[in-house]
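One structure below.
What follows is calculated from the coordinates using simple rules that are stated; it is not laboratory data. On a predicted model such as this, the values are computed, not experimentally measured, just so you know.
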Amino acid sequence: MFRTTTMAAVAACMLAIAGPASADSNITCTDLPKDQWKSAEEIKAIAEGLGYEVTKVEAKEACYEIYGFDKDKKKVEVYMSGADGSVVEVEFD
């Protein structure tokens, strides 16, 4: 009994420490359905206009994720709203 309880407690702690599977699961950029989002090309153009060097654009659950580099050549992941192209969050590697 003690061993089973201890194993369950250890498993619960490990899950709590691990947290969400990916950072973007906590970010919501828009509630609009994807068929109402700007195109990936439009989002890329907006990001480039903001000074990012874009290497990849992906439409995820609630955001566009833009991968590339900022003006200082630092590697970035930019979360942008598909509704209006606004930047919601920027993560640096």
Checklist entry - Under a 5 Å amide H to amide H cut-off, with H placed in plane at 1.01 Å, what residues pair with Lys38 once short-range neighbours are removed? => result Ala83
Checklist entry - Across region 40-57, in residue order, what do the Karplus-derived ³J(HN,Hα) couplings come to in whole Hz, using 6.51 cos²θ - 1.76 cosθ + 1.60 with θ = phi - 60° and x for Gly and Pro? => result 4, 5, 5, 5, 4, 5, 5, 4, 5, x, 8, x, 8, 8, 8, 10, 7, 10
